[in-house]
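The values are calculated or read from the model by the stated rules, or taken from the named source; none is laboratory data. Treat the numbers as computed from the prediction; the structure is a model and nothing was measured. Here the Cβ positions follow ideal geometry from the backbone for every residue, glycine too, while neighbour counts run over all protein chains shown. Side chains included, ligands, DNA and RNA excluded: accessible areas come from the protein's heavy atoms. Shrake-Rupley method; radii C 1.70, N 1.55, O 1.52, S 1.80 Å.
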Amino acid sequence: MPKPTAKKPPPRRRIQGVWPQTDCGRYPTKAIVGDRVPIWATIFRDGHEVLGAALKYRPKGSRKWRQAPMHEFGNDRWMGHVDIDACGRWEYTIESWVDRLASWRWEIRRKVEGGQSDLTSELAEGALLYGVESLSVKEALADELGDRH
């Protein structure tokens, strides 16, 4: 068997199956000014961390990207919207990241629901993530802040 030739390992996060595309991106997808165009993608990662994703879009030639959140709809499918407000060609890209705070809250929530009572080390980890002296379970589960790591 031949030895792998890649100089670096494959990325741990994947963005695949982006829609809409016409003929694998060969032709532009069409929309009308005022349309809200849904953009779908399959986004996943190895491991148990919680992901976040955003859709960045702009008129072609513009330097500034606009951004819209993407939401997971199950089975690793994510969706966001592009609001078309001018004629011309537009471009978009999708970003994903590991949300460390959401991953930590998911771990705490699972342990609380499982009946685990000693969460000292998990709460200490959360205090480091939040940059505070200490956290309670109630404070940990009440927060909904995200993190782009």
Quiz item: Condition test on SER121, is it outside any helix (DSSP H, G or I) and loosely packed, with under 14 Cβ neighbours inside 10 Å?
Solution: no
Practice problem: Return the only residue of ALA102, ALA140 being surrounded by 15 or more Cβ atoms within 10 Å (Cβ to Cβ), closer than 25 Å to ARG14 by Cα and touching a residue at least 24 places away in the same chain (Cβ under 8 Å). | Solution: ALA102
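Here is a check on your reading of the model: is GLY17 assigned to a strand (DSSP E or B) and at positive phi?
Details: assigned to a strand (DSSP E or B): yes; at positive phi: yes.
Here the answer is yes, as GLY17 does meet what is asked.
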Exercise. Collect the residues in the range 56-76 that are of a type outside the set (Phe, Trp, Tyr), touching a Lys or Arg at 6+ places or on another chain (Cβ under 9 Å) and assigned to a strand (DSSP E or B), keeping them in residue-number order.
Key: LYS56, ARG58, PRO59, ARG66, GLN67, ALA68
Quiz item: Can you tell me which residue in the range 124-137 is most open to solvent (accessible area, probe 1.4 Å), limited to those that are of a type in the set (A, V, I, L, M) and out of contact with any helix residue (DSSP H, G or I) (no Cβ under 8 Å at 6 or more places or on another chain)?
Solution: LEU128
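Scanning the range 10-60 for residues that are of a type in the set (Ser, Thr, Tyr) and open to solvent by less than 50 Å² (accessible area, probe 1.4 Å), which turns out farthest from ASN75 (Cα to Cα)?
Result: TYR57.
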